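Engineer: Once you've had a glance at the structure underneath, I'll fire off some questions.
The values are calculated or read from the model by the stated rules, or taken from the named source; none is laboratory data. This is a predicted model, so every value here is computed, not measured. Every residue, glycine as well, gets a Cβ built from its backbone with ideal geometry; the counts of neighbours run over all protein chains shown.
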Amino acid sequence: MKEISKPIRKVDDQDKIEGKVRYIADIEFEGMLFAKTLRSGRPRARIRSIEIPELPDGYFIVDANDIPGKNRVKMVINDHPFFAEGEVNYIGEPILLVVGPKKETIFEIIEKIKIRYEDLNPILTMEDAERKGKTFIDYEFTKGDPDKAFEMAEKVIEDEFRTGYQEHIYLEPQGVVGICEDGKVTIYGAMQCPYYVKGAVMEGLGWDEDRVRVVQTTTGGAFGGKEEYPSIIAGQVVVAALKTGRPVQLIFDRDEDIMVTTKRHPSVTEYRVGLDGNGRITVLDINIKLDGGAYGGLSGVVLQRALFTATGVYNIPNLRVRGSVLKTNKVPSGAFRGFGAPQAIFGIEMLMHHLAEKLGRVPLDFKMDYALKTKDTTSTGGIIRGEVKLPEIIKEVEKMSDYRRKHKESRKFRGIGLSLFLHGCGFTGKGEESIKGKVTLRKKGKDVEILTSSVEMGQGATTTLRKIVSKSLSIPITQVLYDNPDTERVPDSGPTVASRTVMIVGGLLDSAAKELRERWDEGDEIEVSKIYKHPGYIKWDDKLLKGDAYPEYSWGANVVEVEIDPITYEIEVLGIWAVYDIGVAIDERIIQGQIEGGITQGLGYATIEVMDSVDGELVQRTLTDYKIPTSMDFPKIESKLVRNPYKYGPYGAKCAGELPFVGAAPALASAVENALSVPINRIPVTPEYLLEVLSG
Amino acid sequence: MVKAFRPVNLDEALNIRKENRVIPIAGGTDLMVQKRRWAGLTPSFEYPLLFIGHIEELRGIRIQDDRLRIGSASSFNELLENTLTPSVLKDAISGMASYPIRNMATIGGNICNASPAGDTLPVLYSLDAVLILSSLKGERRIPIEEFIKGPGITNLKDDEILKGIEIPQYDFDLYFYKKVGIGKVTSLSKISFLGLANITDDRIKDIKVSFGAVAPSVVRSREIESRIKELDREEIVKEFNNIKEMYSELIAPIDDARSTAHYRKVISLRLLEAFLTKEVQ
């Protein structure tokens, strides 16, 4: 049988290209009503009164009073209300739904509703939150003896970096439909995590699991933006369906989606570095602050990944790593491809670049002095078990990009930058163990159906998971079936997040397929299920934050070459080179898609994606003002994979979805530094920022 | 519901315009966005719409009396594809929006929308474009800089329709156009700059300089231009600080979602400097 990595046509391509696929907005349920959300116009206030006009027949108001269970959305910190209850904590917070058969009338009703607020003092900046000690969560851990190492240090250097918001701009905005029938509710919608939605709805209704069903509809992109957010709106439509007795559709317009859904956490990362007499780093103190916005949600886990990634690919003997999620009266931050790692990798890579420049070293050589090797200890005292192929990765990327020569010959307004990075595969810490993902394969005649809650959201899951099962069973891929998950049919394999789908869920499917293959002749209908167990070597202490934060790591190196317009300071990217170790690719073309999409999204984050908040309100609220890159913005990306099979991954696969995102921003920013000989301390690197930096 | 008129010709359109308070709409690429409400609902307009994009008399690009005559309902892609369109105008248009939007968007719409960031405007100012406004009373001609009064504000009378644009045929030795937007394509201008010049025997014989997106409407000063005319290359370098000072007083940008006033001011003056002290040299 042929090598698994060889690309095949994505199984969902044809229908998507032809426009045959029906997304949630295309599906009309009989008797369906529309809903529109009335939102807070204030960053922090008590609601004094809500004046509702007389409603025409068939129109309803749905608010906190209609929630039979708990008015809190189950996430990790369960603090976001489905509907505001007496107070609001950010502009855009949902207060109520207006539901009815005609959008025109709903619109008129919304415009007539009057809310009287009593404004309270909002916290609008991270600095203000820090001053007032408003945090959701704080962590700290150490390695070695940082205090002593600072005492012994010859020199101490400090540095600080900032990153901004990023909005997902998935092609399809958020949308759900809730239906209530025969004492049961069903939610249809775009989502990454059907069982998260189910759990949240069960709590909101106070119902048990056999009365709540969740069906994922074909999802037009997510990038983390459909990890926790759909739980909020699913709860809202279900309550509306319960009240009206009709299916209720809630779909966001783009501007609304930009304004009120979660975004990547803005960050401030602070570093203190101790150097010995030879200019060697002996100790690092890292403080990572994330802007969580008004509610905690998943932010604590995002912070964990940021902290466990804080030292990047480097082995530093003495460490103090701490961080906090700050509470501000702004739109809640949440999951986004990379999940805290991009902020941490940007900081550490720029710090290493600054140190190399200060010490007069070629950044690549300086970085390699500290690069992790197999059997090294991680910042949390875990062990790097897989073979570290960084030297091979670097050799490849150097050759492709001609980094060394270009770095030596760099001149004013033209520069080259490089980033080294890794990504922890799967859930952080105890995550995989507590989720205990389950998959089932069901043989029916000659066909085998994959039953998993992992969703296709454009990343290729439906193709890669089928490929794994088809190969492990030695049956044609056309005999492997996979439908959008429906919680009445599929077990909880965990959410479609954390680059875990291929390595964890695919691994389970691989072992289920191998068992099914053994038992193939037992009958026409056979079911095989597998439940995830951590490999025995993994040890993790959730209280002390000690041990293996991740079961395995994927690695990468990016080189970016830029030219800066000497008049306008616009950045032109001349070349992008990228090499990764993701174990083994299940499909090389899908991986190429992940690489090109991830890098482009990362370069957008680093350059043009500006989102500011002023007085608690986002300044860039439309696709006119908040722009993401197009295919015209960057040149062709040249990429390669270094093969490095992982023993516990299916066919040796590790993680790949987030990795290509995390290295792009520091490669670009260090290239700009190289071109202009000024330190860059924040992204996005806009022409406006460069004007500021270059004018001193 | 939106009430709308779809006249068969200009005469009927002008009659409707006279009898009713209406909003003329051609491609709709600005209006439909400005007035949008909720997906599935029609945009809300204060007055009935008057569709004019299809009217024959408003279309076509041709030379007439030694002038280029562009019908107001010519789409951007029609202009891009026409050999008569000046290359300076093509350069500005090709940096605007995306292909499908350029199929719909019209040059007349870009003028009447009167956005400070309208990208055809600096070109039309620099080319001394004259607008032909039609009403039942007849036609009147007005230079573009007298037509546009401020952001979204024009001299268009309630009974008028912008029929066409007339552009004198110029040849230029030197041409320097720069648009600064967010990203390379489909973006609105943070700044746009257009410099045109004719040079004979090292002396500037004619010069036209326009700035977009850095003031309520396009910045072009015939007064400053006349002071630059007849300078030779050395004198330009010597005089540059005075010239810059004069333009600096006219450039009054704002901070907005796309850029800062500071950046807009500094960079637009730098573009002027690049044009006068490098391109012209």
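Engineer: Residues that are under 13 Å from A:A664 (Cβ atoms) and hydroxyl-bearing (S, T, Y): does the range A:571-592 have at least one?
Structural biologist: There is at least one residue in the range A:571-592 that is under 13 Å from A:A664 (Cβ atoms) and hydroxyl-bearing (S, T, Y).
Engineer: Which residues, counting only those in the range B:155-188, are within 14 Å of chain A (Cβ to nearest Cβ), more than 27 Å from B:S226 (Cβ to Cβ) and either part of a loop (DSSP other than H, G, I, E, B) or under 15 Å from the mean Cα position of the chain (by Cα) (or both)?
Structural biologist: B:I182, B:G183, B:K184, B:V185, B:T186, B:S187, B:L188, listed by residue number.
Engineer: Condition test on A:V76, is it touching a Leu at 6+ places or on another chain (Cβ under 9 Å), surrounded by fewer than 17 Cβ atoms within 10 Å (Cβ to Cβ) and of a type outside the set (F, W, Y)?
Structural biologist: It is true that A:V76 is touching a Leu at 6+ places or on another chain (Cβ under 9 Å), surrounded by fewer than 17 Cβ atoms within 10 Å (Cβ to Cβ) and of a type outside the set (F, W, Y).
Engineer: Continuing with the same structure: Across the range A:4-52, what is the total count of residues that are out of contact with any helix residue (DSSP H, G or I) (no Cβ under 9 Å at 6 or more places or on another chain) and either within 30 Å of A:F83 (Cβ to Cβ) or charged (D, E, K, R) (or both)?
Structural biologist: 25
Engineer: Out of the residues in the range A:1-39 that are part of a helix (DSSP H, G or I) and within 14 Å of chain B (Cβ to nearest Cβ), which is nearest to the chain's Cα centre (by Cα)?
Structural biologist: It comes out as A:I24.
Engineer: Identify all residues within the range A:256-290 that are touching a Lys or Arg at 6+ places or on another chain (Cβ under 6 Å) and within 14 Å of chain B (Cβ to nearest Cβ); write none if there are none. Break it down stepwise before answering.
Structural biologist: So the first thing to find is which residues in the range A:256-290 are touching a Lys or Arg at 6+ places or on another chain (Cβ under 6 Å), and the list is A:258-259, A:268, A:275, A:285, A:287.
A:I258, A:M259 - these are the residues of the range A:256-290 that are touching a Lys or Arg at 6+ places or on another chain (Cβ under 6 Å) and within 14 Å of chain B (Cβ to nearest Cβ).
Engineer: Follow-up question, since we're still on this one. Can you name the condition, by its number, that A:S324 falls short on among (1) among the small types (G, A, S); (2) in a strand (DSSP E or B); (3) under 20 Å from A:F661 (Cβ atoms)?
Structural biologist: Here A:S324 meets the rest and fails (3).
Engineer: Sticking with this one: Looking at the range A:74-111, which of the residues that are closer than 30 Å to A:A129 by Cβ and assigned to a strand (DSSP E or B) is modelled with the lowest pLDDT?
Structural biologist: Residue satisfying both the conditions and the ranking: A:I77.
Engineer: If you scan the range A:100-124, which residues turn out to be away from chain B (no Cβ under 14 Å) and buried (at least 16 other Cβ atoms within 10 Å of the Cβ)? First the steps, then the outcome.
Structural biologist: In the first step, residues of the range A:100-124 are kept if they are away from chain B (no Cβ under 14 Å); the result is A:112-124.
Once the filter is applied, which keeps residues that are away from chain B (no Cβ under 14 Å) and buried (at least 16 other Cβ atoms within 10 Å of the Cβ), the range A:100-124 yields A:I115, A:Y117, A:P122, A:I123, A:L124.
Engineer: Let me ask you something else. Residues of the range A:556-593 being more than 14 Å from every other protein chain (Cβ to nearest Cβ), at negative phi and part of a loop (DSSP other than H, G, I, E, B), which ones?
Structural biologist: A:I582, A:V584, A:A585, A:I586, A:D587
Engineer: Look at the range B:189-209 and say how many of its residues are out of contact with any Asp or Glu (no Cβ under 7 Å at 6 or more places or on another chain) and either closer than 15 Å to B:T120 by Cβ or more than 14 Å from chain A (Cβ to nearest Cβ) (or both).
Structural biologist: The total comes to 7.
Engineer: Moving on to the next point. Test of understanding: among A:Y553, A:Y537, A:Y569, which residue is within 30 Å of A:I595 (Cβ to Cβ), in the same structural domain as A:N644 (by TED's automatic domain parsing) and either modelled with pLDDT under 95 or touching a Lys or Arg at 6+ places or on another chain (Cβ under 8 Å) (or both)?
Structural biologist: A:Y553
Engineer: Okay, next question. Taking the range B:146-160 as the region of interest, how many residues are touching a Leu at 6+ places or on another chain (Cβ under 9 Å) and surrounded by 14 or more Cβ atoms within 10 Å (Cβ to Cβ)?
Structural biologist: 7
Engineer: Moving to a separate point now. So which residues in the range B:11-26 are farther than 9 Å from B:S135 by Cα and either among the hydroxyl-bearing types (S, T, Y) or assigned to a helix (DSSP H, G or I) (or both), if there are any at all?
Structural biologist: At the first step, the residues of the range B:11-26 found to be farther than 9 Å from B:S135 by Cα are B:12-13, B:16, B:19-26.
Within the range B:11-26, B:E12, B:A13, B:I16, B:E19 meet the criteria.
Engineer: Among B:R69, B:R102, which is the only one that is in contact with a Gly (Cβ under 6 Å, 6 or more places away or on another chain), at pLDDT 95 or above and closer than 26 Å to B:Y170 by Cβ?
Structural biologist: B:R69
Engineer: Mind listing just one residue for me: the one in the range B:12-60 that is exposed (fewer than 13 other Cβ atoms within 10 Å of the Cβ) and of a type in the set (D, E) and, of those, modelled with the lowest pLDDT?
Structural biologist: B:E46
Engineer: Now for a separate question. Answer yes or no: is there a residue in the range A:9-29 that is small (G, A, S), closer than 18 Å to A:I110 by Cα and surrounded by 12 or more Cβ atoms within 10 Å (Cβ to Cβ).
Structural biologist: no
Engineer: A further question follows. Give the residue, chosen from B:P100, B:P43, B:P48, B:P122, that is in contact (Cβ under 8 Å) with a residue 60 or more places away in the chain and either outside the structural domain of B:K184 (by TED's automatic domain parsing) or at positive phi (or both).
Structural biologist: Of B:P100, B:P43, B:P48, B:P122, the one residue that is in contact (Cβ under 8 Å) with a residue 60 or more places away in the chain and either outside the structural domain of B:K184 (by TED's automatic domain parsing) or at positive phi (or both) is B:P122.
Engineer: Take the residues of the range A:401-454 that are within 30 Å of A:E522 (Cα to Cα) and β-branched (V, I, T): which is surrounded by the most Cβ atoms within 10 Å (Cβ to Cβ)? I'd like the intermediate steps shown before the answer.
Structural biologist: Restricting attention to the range A:401-454, the residues satisfying the condition of being within 30 Å of A:E522 (Cα to Cα) are A:436-454.
Next, only the ones that are β-branched (V, I, T) stay: A:439-440, A:448, A:450, A:452.
Values: A:V439: 31, A:T440: 19, A:V448: 25, A:I450: 26, A:T452: 27.
Going through the qualifying residues, I end up with A:V439.
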